[in-house]
1. Checking E296 against (1) of a type in the set (D, E); (2) farther than 19 Å from A230 by Cα; (3) at pLDDT below 85, which test does it fail?
2. Before we move on, is S225 among the hydroxyl-bearing types (S, T, Y), touching a Gly at 6+ places or on another chain (Cβ under 6 Å) and either assigned by TED's automatic domain parsing to the domain that holds H303 or at pLDDT 85 or above (or both)?
3. For the stretch 8-30, does any single residue satisfy the condition of being under 23 Å from the mean Cα position of the chain (by Cα), surrounded by fewer than 19 Cβ atoms within 10 Å (Cβ to Cβ) and either among the charged types (D, E, K, R) or at pLDDT 85 or above (or both)?
4. Please state which one of A230, A247, A278 is over 30 Å from D159 (Cβ atoms) and in the same structural domain as S191 (by TED's automatic domain parsing).
5. Considering only residues that are exposed (fewer than 15 other Cβ atoms within 10 Å of the Cβ) and either over 26 Å from the mean Cα position of the chain (by Cα) or at pLDDT below 80 (or both), which ones fall in the stretch 196-218?
6. So which residues in the stretch 37-63 are within 17 Å of H25 (Cα to Cα) and among the hydroxyl-bearing types (S, T, Y), if there are any at all?
7. Pairs, please: C-beta under 6 Å, at least 6 apart or cross-chain, first residue on the phi > 0 side of the Ramachandran plot and in the stretch 68-83, second surrounded by 14 or more Cβ atoms within 10 Å (Cβ to Cβ)?
8. Can you name the residue in the stretch 159-171 that is exposed (fewer than 15 other Cβ atoms within 10 Å of the Cβ) and free of Cβ contacts under 8 Å to residues at least 24 places away in the same chain and is also nearest to L182 (Cα to Cα) among such residues?
Amino acid sequence: MSKDDKTPYHIHLTREKFPRPLINHQSRLAVAGPFLNRRLPSRILRWFRTVTPFCSLPRPVKRPCLYSHLGLCRPCPGDVLSPPQILDYRKNIARLRRLLKGDFISVNRQLETAMSTASKNQNYESAALLRDRLTALNYLQHPPSSPDLYLQNPNLLHDLRSEALASLIQILNPCLPYLKSLKRIEMYDVSHLRGGSATAAMAVAVDGRISHRDYRHFTVRTPDSADDVASLLGILNRRLKRTDWPAPDLIVLDGGKPQLSILKNLDPNPYNLIPILALAKRIETLIIPSPVGFTEINLPRYHPGLQLLIRLRDEAHRFSRRLHHLHRKREFLSEI
């Protein structure tokens, strides 16, 4: 008696040479569903298309459409595809199937591995494309806040930041017992082109909020500017001498264990004064030094504290490249 005349929608994947997703009322062999209206599954497929492209046109596809030019259908079945390209398309559909089933972790790991491989093979265009897909996937994993919550609590944004910092302190405290506050977090990154025009940047978050006014540029002055570890050591030594800047509660280095090896050479050595850790790319691992070695912490990608550190890392990378490009431009113009 509680049923009406409406039939729920489901998402299917066709069994073709180039599979595509379909939305219909059939529940048999459905990949995802049921949905009460068509708008929701359409929106889900539109979101997932930015992570793993697919073709939605009826088969056979005679020519590439607009989605192909936008990168949302790549490789396009309308082109003449080689066997490796056909395999890439099928991998995209397999990835879409895992996303529809809620398996975000394996898709995230696969994209990170492919991006790392492409970067090592100096296929930077493919690596940048995979990076954008990872960014889209991370955005989808971040739980949104309902607008009604902001109406109920005008200080919701401040409360969310405080909650993120508190959870991060709770996670780091077993390894960093002297970490009492995260009012000011500083992130450092070095940028250069084969040692030329080497620069570094400090990105800052104050009370969990990105503070652009506290950003600082550094020009690397070490003899071997291609050595990121030595360059980072020189930058931190210069920064720690600036007593006119607010003292950080936490210093984060973009890198891994090699970057943390500079702690024993810092002058003055702040090992027991300022907590320092590293944020390693790929799977975003927090690496914390200790007297007996290193401790690695892997947080969920949607963890608000980790999201803050990732945003800081990206900001430090962007800001260091800004001065790096300016130096390269000046050097280029001086040679003309």
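1. Among (1) of a type in the set (D, E); (2) farther than 19 Å from A230 by Cα; (3) at pLDDT below 85, the lone unmet condition for E296 is (3).
2. Taking the combined requirement at face value, the residue satisfies it.
3. no
4. So the residue among A230, A247, A278 that is over 30 Å from D159 (Cβ atoms) and in the same structural domain as S191 (by TED's automatic domain parsing) is A230.
5. Selection gives G196 alone.
6. Of everything in the stretch 37-63, just one residue is within 17 Å of H25 (Cα to Cα) and among the hydroxyl-bearing types (S, T, Y), namely S42.
7. Once the first residue is on the phi > 0 side of the Ramachandran plot and sits in the stretch 68-83, no partner that is surrounded by 14 or more Cβ atoms within 10 Å (Cβ to Cβ) comes close enough.
8. A166
The values are calculated or read from the model by the stated rules, or taken from the named source; none is laboratory data. Please read all numbers here as calculations on a predicted model, not as lab measurements. Using ideal geometry, Cβ is built from the backbone for each residue, glycine included, and neighbour counts are taken over all protein chains shown.
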